[in-house]
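Single-structure report; data block below.
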Amino acid sequence: MAYPEQRTTSLKGCLIVSLLMVGSTVLCIFFGYVTADVLCVRHADPWMVDYPDAEVEVITQEHSFLRPWGIGATTRVIRVYEDPRVVRQWYRDRHFALDASGTDTQGIGTIRLARTSNGPNDETAIVRMGTRCTMALDFTR
């Protein structure tokens, strides 16, 4: 009676298969993060804009992960050297126009629409805006 050949596994083969499995897992996680980050930025782009045609000074901009408006939380505060009432009305009109066009603030993340307040001596406008997107993926917090 003949026995079939026994297959022997080598340590080298096991190591190669293990490395391929770990590598493919890391690659999948990386592409998942990149995809989520791109979707976060794309979702925020229409809403998170600076006031045009005026001098704008960034007072603070903080983001908790890789880049602004991506995965995590982003807060931006700017000073616009323009009449606060005009700036407030521009943001209000822009938000209504985006809303009417079907651009939604609800998506992969949460948009905190621009809020405008008067700066010192009512000569400038202070604008606060921000996003929170897929916070569960932000392991830095």
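Total residues in region 22-61 satisfying the condition of being more than 17 Å from LEU98 (Cβ to Cβ) and touching a helix residue (DSSP H, G or I) at 6+ places or on another chain (Cβ under 7 Å): the figure is 2. For region 46-74, the set of residues classified as within 18 Å of ILE108 (Cβ to Cβ), of a type outside the set (A, V, I, L, M) and in contact with a Ser or Thr (Cβ under 7 Å, 6 or more places away or on another chain) consists of PRO46, TRP47, HIS63, SER64, PHE65, PRO68, TRP69, GLY72, THR74, listed by residue number.
Any residue at all in region 89-109 that is of a type outside the set (Val, Ile, Thr), in a strand (DSSP E or B), in contact with a Ser or Thr (Cβ under 9 Å, 6 or more places away or on another chain) and at pLDDT 95 or above? No, every residue in region 89-109 fails to be of a type outside the set (Val, Ile, Thr), in a strand (DSSP E or B), in contact with a Ser or Thr (Cβ under 9 Å, 6 or more places away or on another chain) and at pLDDT 95 or above. Here is the figure for region 114-136: residues that are surrounded by 16 or more Cβ atoms within 10 Å (Cβ to Cβ) and either within 29 Å of PHE31 (Cα to Cα) or charged (D, E, K, R) (or both) total 7. What single numbered condition from (1) touching a residue at least 40 places away in the same chain (Cβ under 8 Å); (2) within 18 Å of THR131 (Cβ to Cβ); (3) surrounded by fewer than 16 Cβ atoms within 10 Å (Cβ to Cβ) fails to hold for ARG67? Looking at each condition in turn, ARG67 falls short on (1). Taking the criterion of being buried (at least 17 other Cβ atoms within 10 Å of the Cβ) and among the aromatic types (Phe, Trp, Tyr), would at least one residue in region 47-63 satisfy it? So far as region 47-63 goes, yes, one or more of its residues are buried (at least 17 other Cβ atoms within 10 Å of the Cβ) and among the aromatic types (Phe, Trp, Tyr). Would you mind stating whether GLY102 is surrounded by 12 or more Cβ atoms within 10 Å (Cβ to Cβ) and of a type outside the set (D, E, K, R)? No; evaluated as a whole, the condition is false for this residue.
There is no residue in region 59-69 that is in a helix (DSSP H, G or I), modelled with pLDDT of 95 or more, among the polar types (S, T, N, Q) and farther than 15 Å from ASP138 by Cβ.
Here ARG132 fits the description: part of a strand (DSSP E or B), in contact with a strand residue (DSSP E or B) (Cβ under 9 Å, 6 or more places away or on another chain), among the charged types (D, E, K, R) and over 22 Å from VAL56 (Cα atoms).
The values are calculated or read from the model by the stated rules, or taken from the named source; none is laboratory data. Just so we're clear, the structure is a prediction, and the values are computed from it rather than from any experiment. Cβ coordinates were reconstructed from backbone atoms using ideal geometry, including for glycine residues, and neighbour counts include every protein chain displayed.
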